[in-house]
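Below is one structure; the comments refer to it alone.
The values are calculated or read from the model by the stated rules, or taken from the named source; none is laboratory data. Predicted model, so just to flag it, every value in this text is computed and none were measured. Neighbour counts run over all protein chains shown; Cβ positions are idealised from the backbone, glycine included. SASA here: full protein model, heavy atoms, side chains in, ligands and nucleic acids out. Shrake-Rupley method; radii C 1.70, N 1.55, O 1.52, S 1.80 Å.
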Amino acid sequence: MPTTFFGWVGYLLEEYGPLFLRGAGMTMLIAITGTILGFLIGLLVGVARTIELGPRAPKWKRALSRLLNAVLGIYIEVFRGTPMIVQAMVIYYGIPYMGGPQMGQMQAAILIVSINTGAYMAEIVRGGIISIDRGQTEAARSIGMTHWQTMVTVVLPQAVRNIMPSIGNEFVVNIKDSSVLNVISVTELFFQGKAAAGAYYRYFETYFIIAIIYLILTFTVTRILRLIERKMDGPDNYVICGSQSDSRAAIRVNASKEEA
């Protein structure tokens, strides 16, 4: 048996390397799926909470809008105000207790991460929508666009770019927070680490390996998200169509053609 710290690290990697890789893969699957579904939930909730009714809207529409906002507000406050580890226990054990179906660990994990992320994403999306100049919304409404048409074609493309750093932050948080799902026996990275540590009672060495794996995952994801943000920004030397720079560029092109 090894007698040094790094000797044990190497031994555990050799012995349980495939176990750690399976756990890391499960962690990434939960984080990616939960973030995507959470973003879609947050997008719907955020857009719904920004619906504005005109002064001539009927009373039933106003009442329905207030009820919808109240329900969505409760959802956001509950899932932002309670820890994910508590939500995991309540959802996984509570749904069968209330007469619902018994979900598998993976199904429960994705559901828990998705609805938890959706609550945070809803406020992120709402903030992104509010950050867009109101004049653009008014211009879209003036040409007859509905609220949903305005959101899809004018506001959301800009809002999504503005909130990309926050979306990436939620993704990184989900990679780390997936570790709490070990309480419902989800075989993610932290759960696999517990199994490896218990075999030889080498907890420090095992969790050192787990910490490095988490760091590699989050660092890699962060770099990829930065590249995506730069890609969405477009080139630095763009020319606005119809601007003076665009006119001068067109004149230079025409002059070069005449010389040719």
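Observations on the model:
- Its convex hull of Cα atoms gives the range 50-160 a direction-averaged projected area, equal to a quarter of the hull surface, of 9.2 nm².
- Residue 53 accessible area, 1.4 Å probe, all protein chains in place, Å² to nearest 10: 60 Å²
- Using alpha-carbon coordinates, inclination of helix 164-177 to the longest axis of the chain, degrees: 10 degrees
- Contact order, relative form, for the range 94-219: 23 percent (alpha carbon pairs under 8 Å, 6 or more residues apart, mean separation divided by residue count).
- Sorted largest first by accessible area at a 1.4 angstrom probe radius, with every protein chain in place, the residues 65, 131 fall in the order 131, 65.
- FRET efficiency for residue 50 and residue 216, using Cβ-Cβ distance with R0 set to 35 Å, rounded to 0.05: 0.35
- The overall shape of the chain, judged from the alpha-carbon gyration tensor, is oblate: a/c is not under 1.5, and a/b is no greater than b/c.
- Taking 7 Å steps out from each Cα toward its Cβ at residue 3 and residue 60 produces label points 8.4 nm apart.
- Entry note, the range 22-163: relative contact order of 38 percent, from Cα contacts under 8 Å with a spacing of 6+ residues.
- Hydrodynamic estimate: the Kirkwood radius of the range 143-240 over Cα pairs, inserted into Stokes-Einstein at 10 °C and 1.306 mPa s, corresponds to D of 94 µm²/s.
- Backbone N within the range 113-150 under 15 Å of label point (7 Å from residue 75 Cα along the Cβ vector): 113-126
- Magnitude of the charge dipole, the chain, Cβ model with Lys/Arg +1 and Asp/Glu -1, debye to 20: 840 debye
- The range 139-206-the range 1-73 distance, computed between alpha-carbon centres (Å): 4 Å
- Over the range 1-68, accessible surface divided per residue gives 63 Å², non-protein components excluded, 1.4 Å probe.
- Compared with the dominant Cα axis of the chain, that is its longest principal axis, helix 189-200 is turned about 10°.
- The range 26-101: projected area of the alpha-carbon convex hull, averaged over directions, in nm²: 7.1 nm²
- In the chain, the portion of solvent-accessible area held by carbon and sulfur atoms comes to 65 percent [1.4 Å probe, whole percent, DNA, RNA and ligands not counted].
- 15 Å beta-carbon shell around residue 13, net charge (K/R +1, D/E -1): -1
- Our helix-only sum for the chain, with -39,500 (n - 2.57) per DSSP H run of n ≥ 4 divided by its residues, gives a mean residue ellipticity at 222 nm of -26000 deg cm²/dmol.
- When the chain is described by a simple charge dipole with +1 on each Lys and Arg Cβ and -1 on each Asp and Glu Cβ, the residue from 67, 36, 19 located farthest towards its positive end is 67.
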